[in-house]
1. Yes or no: E74 in contact with a Ser or Thr (Cβ under 7 Å, 6 or more places away or on another chain) and in the same structural domain as R112 (by TED's automatic domain parsing)?
2. For the stretch 77-105, give me each residue that is farther than 21 Å from P127 by Cβ and in a helix (DSSP H, G or I).
3. Being under 14 Å from D147 (Cβ atoms), within 22 Å of the chain's Cα centre (by Cα) and without any contact (Cβ under 8 Å) to a residue 12 or more places away in the chain, is that true of even one residue in the stretch 67-86?
4. How many residues, within the stretch 25-45, are surrounded by fewer than 18 Cβ atoms within 10 Å (Cβ to Cβ) and either assigned by TED's automatic domain parsing to the domain that holds V227 or out of contact with any helix residue (DSSP H, G or I) (no Cβ under 6 Å at 6 or more places or on another chain) (or both)?
5. Among the residues of the stretch 29-39, is there at least one that is touching a His at 6+ places or on another chain (Cβ under 6 Å) and in contact (Cβ under 8 Å) with a residue 60 or more places away in the chain?
6. If we scan the stretch 233-242, do we find a residue that is modelled with pLDDT under 95, under 19 Å from H9 (Cα atoms), assigned to a loop (DSSP other than H, G, I, E, B) and not acidic (D, E)?
7. From the list V8, V12, exactly one residue is aliphatic (A, V, I, L, M), more than 16 Å from the chain's Cα centre (by Cα) and not in a loop (DSSP other than H, G, I, E, B). Which is it?
8. Give the residue that is surrounded by the fewest Cβ atoms within 10 Å (Cβ to Cβ), with candidates limited to residues of the stretch 155-184 that are in a helix (DSSP H, G or I) and in contact (Cβ under 8 Å) with a residue 60 or more places away in the chain.
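The values are calculated or read from the model by the stated rules, or taken from the named source; none is laboratory data. Here the structure is a predicted model, which is why all the values come from computation and not from measurement. Counting neighbours? That spans all protein chains shown, and the Cβs are built from the backbone with ideal geometry, glycine included.
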Amino acid sequence: MASVPKGVHEWVSIPDPDEERTWLFDVTFLESAWTCIFGRGCQGVLTAPVPELVQGCCSYGAHFTGRDDVRRVERAAATLSAEQWQFFEEGRRTRKGSGVVVRGKDGQYTTRLVDDACIFLNRPGFPGGPGCALHRAALERGIPPMDLKPDVCWQLPLRREDHVGDDGHVMTVVRQWDRRDWGEGGADFAWWCTEAPDAFVGHRPVHEEMRRELAAMVGPRVLQRLVAYLRARAAAGGAEDQHGRRSATRRGSAMAPGPNAGATSTRPTRSTATVGASAPGPLPVRVPHPALRPR
């Protein structure tokens, strides 16, 4: 494995075909084998590891992206049953705003906290098992969880940021959610999944595992260009396993997932690439995710 400076990620920029926008994607994370391990080793986001609480990243409630997000979740809450939701009765109580949403002093809307975690989080001992009541309801109805859950919940650990230039052109960054995105409290987490090797155990790269979520965040045309680029660079060469052995990647196939999904390309050039409507040119060095690099 080639030596890579600490913390380095590889990025690719893709011009939007429909508007004055350039998309910048965190390729290192999207090609990694990260997967949500809620209830399967996730240690939570408190100041000490607490896997036994099975709270995941739900300890502080969800911040809403706007009024549309609030209304959608409020409507979804009204459809939950007591069998799906441990805090069914609590959520029905009349409060300022609604039974499930509160507005802080800073004007931000969040889900209510009950017993030190999100009101939608079913706890260990609940007959239906621990986990998000909205997520459970979506699965039982055969619909995507994003139809019911707050935006931040179905997007995690992906994060989208829009930056508008002086000329009005928008640069939109899609990257992994880091500790800093939680504010000052993020530094106090005893554990965070995008920097923990134990969360990089998926069977597919993130861009496949979260394809539906990415499509909702960036649109189908941009996602098509991104996936075409990632598949082309995966087909360009083999990948190193954790012991430094190289294995061929079948041309035209997606990168084989695993703990060492981000290996070094046989055609190293630049560390950033730009994708237009045509096929990509020289492909960059493939950078392993920081969580998987030797310490």
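1. Details: in contact with a Ser or Thr (Cβ under 7 Å, 6 or more places away or on another chain): yes; in the same structural domain as R112 (by TED's automatic domain parsing): yes.
Yes, satisfied.
2. Residues satisfying the conditions do not exist here.
3. Scanning the stretch 67-86 turns up at least one residue that is under 14 Å from D147 (Cβ atoms), within 22 Å of the chain's Cα centre (by Cα) and without any contact (Cβ under 8 Å) to a residue 12 or more places away in the chain.
4. As a first pass, look at the stretch 25-45 and keep what is surrounded by fewer than 18 Cβ atoms within 10 Å (Cβ to Cβ): 36, 39-41.
Add one more test, that the residue is either assigned by TED's automatic domain parsing to the domain that holds V227 or out of contact with any helix residue (DSSP H, G or I) (no Cβ under 6 Å at 6 or more places or on another chain) (or both), and what stays is 36, 39-40.
Of the residues in that region, 3 qualify.
5. Pass one, the stretch 29-39, residues touching a His at 6+ places or on another chain (Cβ under 6 Å): 30, 32.
Now restrict to residues that are in contact (Cβ under 8 Å) with a residue 60 or more places away in the chain: 30, 32.
Yes, the stretch 29-39 has at least one match.
6. Among the residues of the stretch 233-242, at least one is modelled with pLDDT under 95, under 19 Å from H9 (Cα atoms), assigned to a loop (DSSP other than H, G, I, E, B) and not acidic (D, E), which makes the answer yes.
7. Working: V8 fails: not in a loop (DSSP other than H, G, I, E, B).
Answer to the selection: V12.
8. The first filter runs over the stretch 155-184 and keeps only residues in a helix (DSSP H, G or I), leaving 155, 179-184.
Okay, now just the ones that are also in contact (Cβ under 8 Å) with a residue 60 or more places away in the chain, so 155, 182.
Values: Q155: 20, W182: 16.
Per the criteria, the residue is W182.
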